[in-house]
Amino acid sequence: PSIQRRLLVMQEARSRGVKVQAAVSPTLPHDTDRFAELLAESVDRVVVDTFFGDGSNGKRTERRPLPRRFAELGHGDWRDIESAKRLFEALVSRKGQQHVGWTQDGFNQLDVEAGTAGPDN
């Protein structure tokens, strides 16, 4: 489904009292403020991940066509996690630390009220 359809379904679920968690995995190119606002309106909890969460610490992604396409499309180095960090921080400012997870640690935090480690921890 399109991102728009996913957001609508999440918003509908929340309006019916269903707790909603989204995974941005991996973080692809985006407008940080716009995407963070859309997610904050649509979910109770969100986990932000990078290409290093591919199950092989990025080795699987490195062998795929993606690194070349990233460069061709002007998105820079696929290994740069700064965009994911910016999204994480923008979400924390909107949702609070306890509702935003970072990579594997974030996926392991199933309790919405539990604190989560950030990208610099």
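The values are calculated or read from the model by the stated rules, or taken from the named source; none is laboratory data. All figures in this text were calculated on a predicted structure; none of them were measured in a lab. All Cβ positions, even for glycine, are placed from backbone atoms using ideal geometry, and neighbour counts span all protein chains on display. Protein only, heavy atoms only, side chains kept; ligands, DNA and RNA dropped before computing areas. Shrake-Rupley method; radii C 1.70, N 1.55, O 1.52, S 1.80 Å.
List of remarks:
- Boolean, Ala36 is under 13 Å from the mean Cα position of the chain (by Cα), closer than 20 Å to Pro119 by Cβ, assigned to a helix (DSSP H, G or I) and not charged (D, E, K, R): yes
- Yes/no for Glu72 being modelled with pLDDT of 90 or more and either surrounded by fewer than 17 Cβ atoms within 10 Å (Cβ to Cβ) or over 15 Å from Val24 (Cβ atoms) (or both): yes
- Where Asp77 falls short, out of the listed (1) farther than 23 Å from Phe107 by Cβ; (2) open to solvent by 80 Å² or more (accessible area, probe 1.4 Å): (2)
- The residue that is nearest to Asp77 (Cα to Cα), counting only those in the range 6-17 that are open to solvent by 80 Å² or more (accessible area, probe 1.4 Å) and either in a loop (DSSP other than H, G, I, E, B) or small (Gly, Ala, Ser) (or both), is Ser15.
- Which numbered condition Ile3 misses (of (1) open to solvent by less than 40 Å² (accessible area, probe 1.4 Å); (2) of a type outside the set (Phe, Trp, Tyr); (3) farther than 20 Å from Gly106 by Cα): (1)
- Some residue of the range 21-31 being in a helix (DSSP H, G or I) and either of a type in the set (Phe, Trp, Tyr) or open to solvent by 60 Å² or more (accessible area, probe 1.4 Å) (or both): no
- Just one of the listed residues (Pro67, Pro119) is assigned to a loop (DSSP other than H, G, I, E, B) and surrounded by 12 or more Cβ atoms within 10 Å (Cβ to Cβ), and it is Pro119.
- Glu41 charged (D, E, K, R), outside any loop (DSSP other than H, G, I, E, B) and within 13 Å of the chain's Cα centre (by Cα): no
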